[in-house]
Every structure is written in structure tokens, then in C-alpha cells.
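Down below is the structure, laid out as C-alpha cells.
The values are calculated or read from the model by the stated rules, or taken from the named source; none is laboratory data. Keep in mind that this is a model prediction, so the values were computed, not measured. All Cβ positions, glycine included, derive from the backbone under ideal geometry; neighbour counts span all protein chains shown.
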Amino acid sequence: MYNPRVVDHFNNPRNVGILDGADAQASVENPVCGDLINLYIKVEDGRIKRSSFQAFGCSAAIASSSIATELIQDKTLDEALKITSDTVVGALEGLPSSKMHCAGMAADVIHKAVKNYLDKK
Amino acid sequence: MKKFIYLDHAATTPVHSRVLEAMLPFFTERFCNPSAVYTVAQESRKAVDGARKTVADILGCVPRDVIFTSGGSESDNMAIKGGALALKESGNHIITSAIEHHAVTESCHFMEKLGFEVTYLPVDRYGVARLDALEKAINQRTVLVSIMTANNEVGTIQPVAEISRIVKNHPAGRGRTIIFHTDAVQAAGSLDINVDRLGVDMLSLSSHKFYGPKGVGVFYLRRNTPFISWQNGGSQERNRRAGTENVSGIIGTGVALQLAEENREHYVRHCTRLRDRLIEGIMSAIQDVHLTGHPTERLPNNVSFCFEYVEGESILLSLDFAGIAASSGSACTSASIEPSGVLLAMGVPVQVAHGSLRMTLGTDNTDEDIDYVLSTLAGIVERLRSISPLARKSAHV
């Protein structure tokens, strides 16, 4: 069902947990399937220096969140805002069609975290 | 060999070797159409009749009341549609429960499109249909009641005989017919499926749930029960279901049901013991878990739980990596991304229903299998909880 890259991010998710001293955080919940993703970011000199996530959801949701933390590493806030569902799917080298919304949630939580950071400033 | 522990027998079972052996000649040397006139074809006819007699003996009915179908779903469709349509002059109201198999539920939705009204009876927290609600729901227009014998997701056994008494003795049904159907697909091999003791007019079975082949099932239709056939084009099955008989499948069904019935006592003892070991093991090793379904009135092979703070599909995938095949009613395992209606009808909160896991045992499972699952599952749940924002303790980075 899942390719090895998705399985790897599900079995060994990167950057799991609450990020102590985070500059911003965001939550996204899918009201239909019930999945929930939290993302925490730490920003230095306009770039995302550190991030972490928590996820309640299927393996695709966990893998999408995990790879999202890798995708935003060292990105400027503008670059992070340009990450889309397709970027996440591409980085995972594909997801089953019924799981595409998980990548969408990961992209949404990135945008929301960046916006929360900008609002706080 | 890579470890493989199969705990999804409610989904399907392997074909028993003796069933396969009995079926094989009917694919090749005994291939003739049972409706044909020549002598060799009579062998096929005889074999089909023999299987029908076997099934009838176990159901406690006459052979002509047994109709072979393509499986449980077709039998359920036949019951709801064929029964209700036959009585449409007498009424337009169907009663079923909120936790039926989709084959019953969707057939009821179909009947709603044709102008029927359907009452979906509520169930209690264990998944037992509310009999007080049934009593109230039956009215002058009620023509058919369909309540499953045992639930496929949580294993809860329904008081079918008691339901039958309510349906058959209700004043609103005096002087006319209210058909009572039960989907016994999960019950065969575990429970008594004698149609008189259950008090049913129609009953559905699916062969591949009791170590028979896929694509074949049984529809029991009590004599003189109103029924309209809607698969037309041949006189097979006494004009009630057209189409050349699935001869090998029917032979397999007869042998499989016979073996299941002969083995029933042993099977129930074996599965119940493993089931209770698994349930107790999980409850003592893992916190914040809920056994779903009835604690005692449940199928001997059904172990179903909800694990809080985690999601069922990710449990399933982790179990799969460990060589364990199970299933879940979680939204994330279905194409529709909606959670199990059965759990929600039982009052399980949506978020908890998300973490559902069903393990269904079979004849080949062993104590070693249970040991292995118990040694694996707690770690899987713990790992997923360490990722979850809902868990009691969160990791920090």
C-alpha cells in the first residue's frame, strides 16, 4: 500500500514531540476523518531553524507530518508558505489516492504555523 | 519463513482442505450443468441436491427452503428487496438495526428510494438492539424486520429468538405477515443457526466465513413466506434465483457447513479460550483501552478494542510489519474516510472510534500466536501514543 519512503517516515518519524521554546505552533484537524496534526517552529533570521510535530492519525498522516518538518528545515518563511500538498506528496514519492488529504493537512499546518508566527510579531 | 499470524477470520477464512478436495472434481471431470438431461449431468444434480440436504439438516428445514446464492451480500439483498416488495400491498415499513452489515443497510436505503420507510433501531452500549424500541417501532405498515444474528465488527450476539417472539406476537401484525430475516453470516460455525429455534423466515449465510469458498452463500426462505424473485432468466433454485448453479461452490458450501457444525463445540471452546486470553492480556498490559461489544454475549472468535489517543490504521500497519493481519473500523481504513457506524451507534465517541482494532480468531490460531500478539501490541500502541498530541504524556524536543 505504501512505498518504502512513506514506511520509513512512519516507522522512524523525524522531529517528534513538543518543541520547547518554539516561536509559533499550529494545529490542523480534519473534521471528517478526525486526524489531528500539531506543528511547532523555531525561527532565526527569517528562516525555520527547528521544527517538530505531533500527529493523531493514520500512517500517511504521520509520514506527511514527519517529512513536512524536513521540508521546512532552513527555509525562509516565504519559501515555507509555497509548500503545497503536491510538494509533500512528491517528497514522499507518492501516496495512495485515498490518502492525499493527509499531505494537504501537512501543507496546511505549515502555512498556519508560519502565519501564526507572523501574526505574533 | 516470515512470521504470519492471521487474525482476520471475520473477513474471510481459508478453504478447508477437505472442502477443496470435495470441490475439485466439479471443475473438471464432473463439470456438467445440473439442468442438463443426459445421464452424466445427473451426477452434478445429485451433488447439488446432496449439498442442499446437508445445509437444510443443519438449518433444521426442508431442502427446498435452501437457495444457493453468490454470498452473504446477495442473500441479504434478496431478503430485504424480495421480501419487502412481495408485501408492498400490505405495507411499506421496514425495521432494521443501526449496526447491520452494509448489504442490509444499503438494501434498506434502496427500498427508501422506492418509497419504503425504514426504522433503524438504536442499540445499547454493547451493541444489542433495543427491544423496547422494536416493540414501539412495529406498526400496521411494517412488512419486514431484519436483525443480524451476530455483529461482524464487535461480535455482539443479538437475542434473535426473543426478537422473533416480539415480531411474531405483535398486535400490529395480527392476521398478516411480518417477515423476520436474520443475517447469520458471522454466526455459522459459532452459534446454533436452527431456523425454528431462531424463529426466522429468512436467513443469510456466506460460505467463505466458515472455511468454504468465496462467491457462494445461502439464502434460507421459509416455505410460504412472501418473496419476489428479482434475478430472473432461468428456473434454477425453483425459480427463485436464476442462473446456472455454482456447482463446485455449492458442494464446497455443503462440506464446509457440515465440518463447521461437527466441529462447532471444539471450535467454540478453542476460540473462546484464546479470545479471553487475548482480551485479558491486552487489558492488563495497556492503559486507556475499551473492549467494544458485549463482554460475554459475543462471538467466540471476536476481540475488538478501541485504543485511546491512536488511530486504527497506523496500528494495523504496524501489526502488519510485525507479521500480524487484523482489521479496524477506523475512518482511515475505509475509502469513504468515515468511521465505523457500528461503534458510533454504540455511543463510542468519534475520536475513540478512530482507534479501533478487530482481531478475529480461527481454528489454526495457537497460544503462541496470542503470546506473540501480546508481546507486540503494547509496544506498537506505546510508540504511536508517543507521537500523538492527545496522549497523556508528550515527548519534548
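What the table shows:
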{"item": "Filtered residues of the range B:235-271 (kept if modelled with pLDDT of 95 or more and small (Gly, Ala, Ser))", "result": "B:Ala242, B:Gly243, B:Ser248, B:Gly249, B:Gly252, B:Gly254, B:Ala256, B:Ala260"}
{"item": "Count of residues meeting criterion [within 18 Å of the chain's Cα centre (by Cα) and either surrounded by fewer than 21 Cβ atoms within 10 Å (Cβ to Cβ) or without any contact (Cβ under 8 Å) to a residue 12 or more places away in the chain (or both)] in the range B:62-73", "result": "2"}
{"item": "Residues of the range A:43-56 classified as at positive phi and either at the interface with another protein chain (Cβ under 8 Å from one of its Cβ atoms) or free of Cβ contacts under 8 Å to residues at least 24 places away in the same chain (or both), total", "result": "1"}
{"item": "Flag for B:Ala256 being touching a His at 6+ places or on another chain (Cβ under 8 Å), part of a helix (DSSP H, G or I) and either crowded, with 22+ Cβ neighbours inside 10 Å or on the phi > 0 side of the Ramachandran plot (or both)", "result": "yes"}
{"item": "Scan of the range A:31-42 for residues that are in contact (Cβ under 8 Å) with a residue 40 or more places away in the chain and either facing chain B (nearest Cβ under 8 Å) or in contact with a helix residue (DSSP H, G or I) (Cβ under 6 Å, 6 or more places away or on another chain) (or both), ordered by number", "result": "A:Cys33, A:Asp35, A:Ile37, A:Asn38, A:Leu39, A:Ile41"}
{"item": "The range B:339-360, subset out of contact with any strand residue (DSSP E or B) (no Cβ under 7 Å at 6 or more places or on another chain) and hydrophobic (A, V, I, L, M, F, W, C), residue farthest from the other protein chains (Cβ to nearest Cβ)", "result": "B:Val342"}
{"item": "Residues located in the range B:136-166, provided they are buried (at least 24 other Cβ atoms within 10 Å of the Cβ), of a type in the set (Gly, Ala, Ser) and either part of a loop (DSSP other than H, G, I, E, B) or out of contact with any strand residue (DSSP E or B) (no Cβ under 6 Å at 6 or more places or on another chain) (or both)", "result": "B:Gly155"}
{"item": "Selection status of A:Ile110, within 10 Å of chain B (Cβ to nearest Cβ), touching a helix residue (DSSP H, G or I) at 6+ places or on another chain (Cβ under 6 Å), buried (at least 24 other Cβ atoms within 10 Å of the Cβ) and aliphatic (A, V, I, L, M)", "result": "no"}
{"item": "For B:Ala325: the one exception among (1) more than 22 Å from B:Ser386 (Cα to Cα); (2) within 14 Å of another protein chain (Cβ to nearest Cβ); (3) out of contact with any strand residue (DSSP E or B) (no Cβ under 6 Å at 6 or more places or on another chain)", "result": "(3)"}
{"item": "Residue in the range B:374-395 that is out of contact with any strand residue (DSSP E or B) (no Cβ under 8 Å at 6 or more places or on another chain), away from chain A (no Cβ under 11 Å) and over 26 Å from A:Ser65 (Cβ atoms) present", "result": "yes"}
{"item": "Residue list for the range A:17-28, restricted to those being at negative phi, more than 11 Å from the chain's Cα centre (by Cα) and either surrounded by 21 or more Cβ atoms within 10 Å (Cβ to Cβ) or at the interface with another protein chain (Cβ under 10 Å from one of its Cβ atoms) (or both)", "result": "A:Ile18, A:Leu19, A:Asp20, A:Ala22, A:Ala24"}
{"item": "Residue under evaluation A:Leu92, criteria (1) away from chain B (no Cβ under 14 Å); (2) crowded, with 21+ Cβ neighbours inside 10 Å; (3) under 25 Å from A:Gly46 (Cβ atoms), criterion not met", "result": "(3)"}
{"item": "Enumerated helices (runs of 4 or more DSSP H) restricted to the range A:9-121, each holding at least 2 residues that are of a type outside the set (Gly, Ala, Ser) and over 29 Å from B:Ser330 (Cα atoms)", "result": "A:77-81, A:100-120"}
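The rows are residues; the columns are (1) in contact with a strand residue (DSSP E or B) (Cβ under 9 Å, 6 or more places away or on another chain); (2) assigned to a loop (DSSP other than H, G, I, E, B); (3) under 26 Å from B:Gln186 (Cα atoms).
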residue	(1), (2), (3)
B:Tyr38	no, yes, no
B:Gln42	no, no, no
B:Asp76	yes, no, yes
B:Ala79	yes, no, yes
B:Glu89	no, yes, no
